[in-house]
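Inspection log for the structure reproduced underneath, given as structure tokens.
The values are calculated or read from the model by the stated rules, or taken from the named source; none is laboratory data. Keep in mind that what you see is a predicted model, and the values were worked out from it rather than measured. Cβ: placed from backbone, ideal geometry, glycine included. Neighbour counts: every protein chain shown. Note: accessible area is taken over every heavy atom of the protein model, side chains too, but ligands, DNA and RNA are not part of it. Shrake-Rupley method; radii C 1.70, N 1.55, O 1.52, S 1.80 Å.
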Amino acid sequence: MDIFPKCSVCHQQFVFKGPAPYLLPCLHAVCETCVRSAAAGVIACSSCQTEVNLTDTRLKKDAVRQKEVFHLTVQHRPTELLCTHEDDGTQAVCWCRECEELLCEYCQNMHSSFKLTRKHVLQNLSDFKPVISNIPTPCSIHSPDSLYLFDRRCNILICGRCRFEGHADHEVEKLDVVAESILKQLDQHKTELATLQAHQQSNIQNIRRGTEITDTTSNTLTENIGHTFRTLRAQLEQREKELLTDLDGQTKGAKTTLRTRLNTCEEASKKCSEVLDYVTKVLTYASQSDLLELESSVREATRAFLDTAETQTQDIPAAVFNTNGLSKLKSNISRFGAVVTKELEEEYARVSDRETQTEHDFIAEMVIKYKNTIDDIKKRASDTIDFILGLSNECDVHLLKPDVLDKSMVLKCIHLKYDTDKINLDCTHINTEGDLINSQSDTSSAGKGRLKKYWGTCSTIPLPLVDCRQYWETKTRVGLDTTLTGSNLILEVGVCAEGEMDMTPFVAGRPHAYSLIVHHCTTHKGICKKIRKEGKVVLHLPDTIPNTAGTSHTLHYGVVYDDARKKIVFIDVKENKVMSTLDNVDSSQTWWPMFGVYNPSIVTVSMRLVVGRDINMTEEKKAMIVKALS
């Protein structure tokens with residue numbers, strides 16, 4: 001049966017009582033036969049092309065796969081399991097966990113009758129299930145004392161007598177404590193890998209959907225181009241061929257890119273599945289001592305994969321056939337026929353007075369005029385194509401309406417960063433993960449240009465003046481250390497003029513500022529959201545999060561700035577709704593994004609910037625932004 005694990009070198013299945021599996025650093029397995037016959041001491045894993053030098057690396061027996069093979073043999077090949085107690089070739093019917101022996105029916109009865117073994121747990125092979133065995137291993141030095149301690153310095157299991165004889169000054173912990181810690185780490189690895197696996201599957205679906213969209217778009221554009229040029233076939237036949245050729249090239253290019261990304265994602269997904277599968281097997285089959293041996297290998301393999309795996313889903317670029325100039329083109333061509341007739345009449349009248357210009361010269365002049373009109377249309381079409389290609393090259397730029405090629409429908413997820421040179425270190429700091437924390441920094445706050453009153457920081461640069469909408473998000477973890485009672489501020493997200501940023505601990509009350517604050521409200525006796533425009537409250541929403549001591553919550557907000565329409569929009573990303581649209585924003589000002597976190601004695605606040613490629617720009621979010629700015 002093909003469900004048995006295979007050697008990653010010779011591809012032979014591992015079988016019960018056959019060559020033992022050995023664990024490679026990549027978590028694939030190689031059989032003992034291949035290990036012994038490895039040429040020049042090097043093993044090449046055919047599953048992931050990893051090469052292992054046996055001179056530098058000592059391989060361990062893969063206890064997890066050994067137990068997996070035994071379990072699969074019990075399930076699918078029970079006739080191959082013979083009694084190991086008498087070794088007389090009799091069919092085994094049960095398994096003793098304590099003795100780790102297969103027993104036939106006769107030996108089972110004898111086993112249950114002996115005083116020393118009658119309390120052993122016997123599992124019938126007919127209903128056998130994998131059970132993690134934590135039976136203590138006897139110490140090879142002080143038998144029958146069991147190995148129940150782990151020496152971190154020597155990285156070995158020891159017994160109680162070993163502890164006092166040769167390991168007295170070493171860091172020693174109980175085996176079950178160390179194993180429990182490793183189990184938690186493995187659970188975390190499993191969670192991370194499962195999340196990544198789901199993300200990779202989403203990538204694959206998006207890319208396949210993108211391929212379908214590309215084909216559909218190609219078919220639709222072909223029909224549109226054909227319909228458009230059938231209307232003006234005589235005049236624009238050559239141009240039609242050029243556009244169809246260009247479309248075919250772009251379609252092939254897009255599909256080639258998508259195929260490349262699909263192959264990459266499928267390969268990454270396969271590798272992720274392999275590591276995830278082995279971690280699952282470890283959690284199913286590994287004993288505590290197995291966990292100690294496997295922990296470093298699994299951790300290194302997991303971390304190496306997580307650090308190199310692609311996690312970002314890029315938007316599938318959309319293309320349209322722009323017919324905005326079609327009516328004008330038809331009109332020009334219609335007028336051209338009428339104009340030619342009129343100009344011919346006038347020209348014939350002038351020809352009698354200008355013998356140097358013939359009818360042939362006149363027709364040549366009209367052809368030049370017509371060619372200039374066509375060239376102008378080509379240029380506008382080329383500009384449109386350049387615009388589309390520019391968008392497709394910027395993965396942090398999105399078309400809010402894929403069927404509208406207009407800069408007003410462009411949304412740019414700008415790359416904001418916390419300004420570490422201006423942050424108020426007396427009240428806040430930025431941790432190693434890059435999050436803004438509401439506690440004082442261990443570093444001295446001395447430094448010219450640092451904020452002294454504002455509880456937080458600003459961005460490194462102000463918002464640029466561009467011809468499209470700009471967007472960024474913050475994701476904040478709020479932990480309530482106690483039930484809030486007074487008017488306690490928790491966080492602030494907004495923008496202000498440069499002169500306002502360090503006048504007070506928060507900018508919400510300043511005349512040149514627009515911001516969202518979360519605080520405990522004495523009016524509603526709970527935690528509320530307020531949005532302020534130029535110091536005035538324009539929105540007050542109660543019951544933002546429960547005011548319960550010991551709880552923690554995540555608040556996820558987005559901000560849109562549209563300098564062309566003089567608007568700022570605040571979005572609750574978690575609730576998937578627009579909170580408020582602020583109009584008549586003074587676009588002549590230079591606006592600085594501001595980020596504040598407060599009151600470390602009663603709340604724990606950790607604010608993360610979500611910008612650029614990290615923003616999950618869904619179609620629903622795009623529609624919400626379009627509606628807010630319309």
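When peptides 600-612, 70-82 are sorted by average Cβ neighbour count within 10 Å, with the highest value leading, the order is 600-612, 70-82.
Put simply, the stretch 101-229 fits an ellipsoid with semi-axes of 60, 28, 8 Å; these come from the alpha carbon gyration tensor as the roots of five times its eigenvalues, largest first.
Compare the peptides 244-253, 620-629 by average per-residue count of other Cβ atoms within 10 angstrom and give them in order, highest first.
Details: 244-253: 14.0, 620-629: 16.3.
Descending packing order for the listed peptides: 620-629, 244-253.
Looking at the stretch 582-630, the accessible area is 44 square angstrom per residue; that uses a 1.4 Å probe and ignores ligands, DNA and RNA. Counting only residues at least eight positions apart within a chain, or on another chain, the lysines with an alpha carbon under 19 Å from that of residue 536 are 566, 567. Between the alpha-carbon centres of the stretch 1-38 and the stretch 45-83 there is a gap of 5 Å. Heavy atoms of the protein chains alone define the surface here; on that basis the stretch 63-139 has 60 Å² accessible area per residue at 1.4 Å probe size. The Cα trace of the stretch 411-478 gives Rg and Dmax of 13.6, 42 Å, the first to one decimal, the second as a whole number. Three principal axis extents describe the C-alpha atoms of the stretch 98-171; from largest down they are 50, 26, 15 Å.
Put simply, the convex hull of the Cα atoms in the stretch 464-533 casts, on average, a shadow of 6.2 nm². P(r) tail, the stretch 1-104: Cα-Cα pairs separated by more than 24 Å, 32% of all pairs.
Taking all protein chains in place and a 1.4 Å probe, what share, in percent, of the accessible surface of the stretch 99-152 do carbon and sulfur account for?
The computed percentage sits at 54.
Excluding same-chain residues fewer than 8 positions from residue 270, which lysines have a Cα within less than 21 Å of its Cα? Within the straight-line limit of under 21 Å, residue 270 reaches these lysines: 6, 190, 281.
Taking every C-alpha pair closer than 8 Å and separated by at least 6 residues, the mean separation divided by the residue count of the stretch 543-590 gives a relative contact order of 27 percent.
In Å², and per residue, what accessible area does the stretch 478-519 have when probed at 1.4 Å with the other protein chains present? Before the final figure, lay out the partial values.
Details: 1320 Å² over 42 residues.
Normalised by residue count, the accessible surface of the stretch 478-519 is 31 Å².
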